[in-house]
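Trainee: The structure's right below; bear with me while I get my questions together.
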């Protein structure tokens, strides 16, 4: 039996903890969907998350994390822990102050940000708009907490510590679940003889759960800071050399994340003008696709970034190229079959777990299937973007993100009149698939080499075909259970086995990632 490489072990750890996170997410979504369905109220809750999420991702989430880790890794290796934590404090203080200022501005101008024609949800009714404004302002509190917590995650990952950052989303789920079972419902839940309190706050209670989850997300990571002897320093020096380097890398990444987040703003802007439930259907479809994408794409890409940065710092370009190709092959091996098998079995899963009516479940399943076709593109984009940031070349991902937004906007406007919400999902899938191809071409040009992915791609497509056919046959012909939830589970298992036979050698190679 092959010994797992350290990177494979980290990826496996992250995948396991991300699985726990996603299972808790399923429980959370089950609770929420059974309370609110595809309702106008839940449309409001989902739309109100847009601007706070965008603020987090632009500053302390995806933007800063990816730009910060390569520089912090370099300082750790060359100057030691004291210098690294000094840089960390400097950037942390800056991020918190900037987030606070922008959050106040968003809070003051929340009304026009929601209701204007270019705002979050201009198609909502006046009552929905007022509720969206309230929830948006509350969500900004959680964003302020995440501005610190997101940076802590980056600091720990730069120290090659992945456990607590991977546990943090699980504790975030705990807060959200508390909101869903205690704060939001008007009717109490019963656990055996125990009757839980029900405060009846509706979707406002869900937001309070988000705030609680954000606090837990931060607190669970504090022991990691103590372990690595972090000492906060009240400093703010924008002229410090390494801080300048972070900001230089972060500038293009902020613009990249802006284009990515604008996709979600445009998505909800268009969906708010469609039938009630469109915003929520797209939110659920995206969330379901993100389950396997996170377990594969995010887990592998997150684990590989510090290693890629070290290879660049040490001038080991051959190892850098090899590592990217290994990670890309792993993603192709896993994502393509999973996407097709999941698309086959998704309808009874959505109907049973989320408690939708058949018509609502068919709507969500249709949108989800289209999102699932984009899982390969999303996973590869995560890897290739991090590869360029490890090389400290942020302008290439910026170009890719800008093009993705333009393509998404154009295809959405073209397809939505005929396909409604499904047209928006199709635009997302096509835009990200194009970005993945573009980044691969540009990466090959940058490295003056070609990644040999074609054999892996064809094997994975054949495995997906075999797995999809096996799953479809079980779904259709299982005696007495055709089309049921049990049939879906068994079909998925048969599909995975059928696909696994085709890519069994590739699966064994995952141990050497």
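Trainee: Take the Cα coordinates of the range 1-269, assign each an equal point scatterer, and use the Debye formula without solvent to give log10 I(q)/I(0) at q = 0.15 Å⁻¹.
Mentor: Debye curve over Cα of the range 1-269, log10 I(q)/I(0) at q = 0.15 Å⁻¹: -1.16.
Trainee: Give the calculated FRET efficiency between residue 41 and residue 163 to the nearest 0.05, with a Förster radius of 25 Å applied to their Cβ-Cβ distance. Please list the in-between numbers first.
Mentor: Values: r = 37 Å, r/R0 = 1.49.
Here the calculated transfer efficiency is 0.10.
Trainee: Sticking with this structure for a sec: In vacuo Debye scattering of the range 30-120, one point per C-alpha: log10 I(q)/I(0) at q = 0.16, 0.23 Å⁻¹?
Mentor: Ignoring solvent entirely, the Cα scatterers give -0.80, -1.11.
Trainee: Figure the gain on full extension for residue 444 and residue 104 (residue separation times 0.36 nm, minus the Cα-Cα span) and round it to one decimal in nm. It would help to have the intermediate numbers written out before the result.
Mentor: Details: separation 340, 0.36 × 340 = 122.40 nm, distance 4.35 nm.
Stretched out fully, the residue 444 to residue 104 stretch lengthens by 118.0 nm.
Trainee: Can you tell me the alpha carbon radius of gyration of the range 400-467 divided by the globular rule-of-thumb value 2.2 N^0.38 Å?
Mentor: 1.41
Trainee: Further question on the same structure: So, by mean Cβ neighbours within 10 angstrom, what's the order for 168-178, 488-498 with the highest one leading? Numbers along the way, then the final one.
Mentor: On the way: 168-178: 21.8, 488-498: 20.1.
Order by mean packing, descending: 168-178, 488-498.
Trainee: Could you tell me the convex hull volume per residue, in Å³, taken over the Cα atoms of the range 346-483?
Mentor: On the way: hull volume 18.2 nm³, N = 138.
Convex hull volume per residue, Cα atoms: 132 Å³.
Trainee: What is the gain in length, in nm to one decimal, between residue 314 and residue 414 on full extension, counting 0.36 nm per residue of separation less the C-alpha to C-alpha distance?
Mentor: 31.2 nm
Trainee: Hey, another quick one. So what does the Cα-only Debye profile of the chain read at q = 0.08 Å⁻¹, as log10 I(q)/I(0), no solvent term?
Mentor: Values, matching the q order: -0.49.
Trainee: Hey, another quick one. Ratio of alpha-carbon Rg to the 2.2 N^0.38 Å globular estimate for the range 141-271, to two decimals, please.
Mentor: 1.36
Trainee: While we're on this one: When you take every Cα atom in the range 195-258, what is the radius of gyration, and what is Dmax, the widest Cα pair distance, in Å?
Mentor: That works out to 19.1, 58 Å for Rg and Dmax.
Trainee: Let a ≥ b ≥ c be the square roots of the eigenvalues of the Cα gyration tensor of the range 88-186; is it rounded (a/c under 1.5), or, if not, prolate (a/b larger than b/c) or oblate?
Mentor: Oblate, because a/c is 1.5 or more while a/b does not exceed b/c.
Trainee: Between residue 392 and residue 244, what is the label-to-label distance in nm when each label sits 7 Å out along the Cα-to-Cβ direction?
Mentor: 1.2
Trainee: Related question: Below 8 Å, C-alpha to C-alpha, sequence gap of six or more: please give me the relative contact order for the chain in percent.
Mentor: RCO, the chain: 20 percent.
Trainee: When you count, for each residue, the other Cβ atoms within 10 Å and take the mean per peptide, how do 242-248, 330-336 rank with the highest first?
Mentor: With the highest mean Cβ count within 10 Å placed first, the list reads 330-336, 242-248.
Trainee: Continuing with this model, one more query. What relative contact order, as a whole-number percentage, does the range 1-269 give when Cα pairs under 8 Å and 6 or more residues apart are counted?
Mentor: 29
Trainee: What's the center-to-center distance, using Cα atoms, between the range 341-407 and the range 204-251 in Å?
Mentor: Between the Cα centres of the range 341-407 and the range 204-251 lies a distance of 28 Å.
Trainee: Fully extended, how many nm does the chain gain between residue 452 and residue 473 (0.36 nm per residue separation, minus their Cα-Cα distance)?
Mentor: Going from the current span to full extension adds 4.2 nm.
Trainee: Further, regarding this structure: Hey, can you rank 154-164, 376-386, 186-196 by average C-beta count inside 10 Å, highest first?
Mentor: Sorting 154-164, 376-386, 186-196 by mean packing, highest first, produces 376-386, 154-164, 186-196.
Every number in this text was worked out from the coordinates using simple rules, so none of it is lab data. Every value quoted in this text rests on a predicted model; they were computed, and no experiment measured them. Virtual Cβ from ideal backbone geometry, glycine too; neighbours counted across all protein chains shown.
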